[in-house]
Amino acid sequence: MSLFSTFDISASAMQAQSMRLNTVASNLANAESATSSNGQPYRAKQVVFQATPIGPAGGVGVKVAQVVEDQTPPRLMYDPHNPVADANGYVAMPNVNVVEEMTNMLSASRSYQTNADVMNTAKTLLQRTLQLATA
Amino acid sequence: MMSSLDSYFQTQETAMKLRGYRQEVLSSNIANGDTPQYKARDFDFSTAFKSALSASQVNAGTLAATDARHLQPQGTTDLFAPQLQYRSEVQPSIDGNTVDMNTEMRDFADNTLRYEASITFMQNRMSTMRTALTSASS
């Protein structure tokens with residue numbers, strides 16, 4: 001029954017979107033982290049989505065293929081009193097773009113909602129189909 | 001009697017199967033709204049419906065196979081999983097994704113309503129049959 005695989009498809013999308021939301025949260029939380037465990041400033045993380053077949057009948061879900069780090073150079077901030085400042089008094093700050101992260105967050109939450117709606121619709125249809133026998 | 005009861009329900013049954021499949025295809029498109037390089041797909045319902053109705057007299061369909069070496073009867077296609085076609089893109093996006101959320105949501109809502117309509121028709125047919133069956137006993 002194809003309606004059942006709708007659940008799997010939407011669930012995979014919701015999982016992927018929540019992972020994207022997770023990286024957004026991590027990026028925003030660390031937008032000011034000048035050092036991390038490896039001594040380097042925090043680098044923004046982005047998820048890469050990939051279409052993946054689900055079910056026998058040609059349904060296509062989503063999975064997170066990989067989490068990549070943003071390779072743009074760190075933002076330099078003049079702060080000579082900071083202990084991690086370089087010889088010229090500049091501190092390398094994370095390359096997190098807050099505006100980008102906020103739009104990313106909105107997009108992820110809208111997609112999550114849409115997929116939850118799809119799932120809900122599939123549930124209603126299946127319930128009505130089950131009630132056919134009792135009509 | 002059994003076969004005529006079968007054909008009595010057949011129209012709506014076929015419609016519901018195909019609507020269910022289309023629901024899956026459309027939800028795949030919606031799920032992949034943010035996936036780079038994903039191409040939105042769909043099928044033409046009326047063509048698929050006509051061919052499924054006309055050909056279901058001859059028992060067409062694929063056999064369940066649990067191994068790649070299992071044979072399939074020749075010249076049959078699964079009429080309830082019609083060939084998918086790519087949508088022509090309306091607003092091409094830079095990441096190669098061709099999902100237009102407006103189109104997808106419109107089709108999804110449309111498909112949902114039509115599936116529900118099929119359920120209602122099926123329900124009416126069932127209650128008609130039930131009336132015919134029970135009125136004899138009273």
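Quick check on the stretch A:115-131: of everything there that is closer than 19 Å to B:Y21 by Cα and polar (S, T, N, Q), which residue is least open to solvent (accessible area, probe 1.4 Å)? This residue is A:N115. Here A:R110, A:R20 are screened, and the one residue that is outside any strand (DSSP E or B), within 14 Å of another protein chain (Cβ to nearest Cβ), open to solvent by less than 70 Å² (accessible area, probe 1.4 Å) and basic (K, R) is A:R20. Every test in (1) in contact with a strand residue (DSSP E or B) (Cβ under 9 Å, 6 or more places away or on another chain); (2) farther than 21 Å from A:V48 by Cβ; (3) open to solvent by less than 70 Å² (accessible area, probe 1.4 Å) is passed by A:D86 save one, and that test is (3). Could you go through the stretch B:33-49 and let me know if any residue there is under 24 Å from B:N102 (Cα atoms), at the interface with chain A (Cβ under 7 Å from one of its Cβ atoms), open to solvent by less than 10 Å² (accessible area, probe 1.4 Å) and part of a helix (DSSP H, G or I). Scanning the stretch B:33-49, I find no residue that is under 24 Å from B:N102 (Cα atoms), at the interface with chain A (Cβ under 7 Å from one of its Cβ atoms), open to solvent by less than 10 Å² (accessible area, probe 1.4 Å) and part of a helix (DSSP H, G or I), so the answer is no. Among the residues of this structure, A:A92 does not count as one that is among the aliphatic types (A, V, I, L, M), open to solvent by less than 40 Å² (accessible area, probe 1.4 Å), more than 13 Å from chain B (Cβ to nearest Cβ) and part of a loop (DSSP other than H, G, I, E, B).
Here B:E116 fulfils each of the conditions (1) open to solvent by less than 100 Å² (accessible area, probe 1.4 Å); (2) under 20 Å from A:G58 (Cα atoms) apart from (2). Among the residues of this structure, A:T35 counts as one that is polar (S, T, N, Q), open to solvent by 70 Å² or more (accessible area, probe 1.4 Å) and either touching a residue at least 40 places away in the same chain (Cβ under 8 Å) or in contact with a Cys (Cβ under 7 Å, 6 or more places away or on another chain) (or both).
The values are calculated or read from the model by the stated rules, or taken from the named source; none is laboratory data. Computed from a prediction, not measured in an experiment: that's the story for all the values here. Please note: Cβ atoms are built from the backbone with ideal geometry, for glycine as well, and neighbour counts cover all protein chains shown. Note: accessible area is taken over every heavy atom of the protein model, side chains too, but ligands, DNA and RNA are not part of it. Shrake-Rupley method; radii C 1.70, N 1.55, O 1.52, S 1.80 Å.
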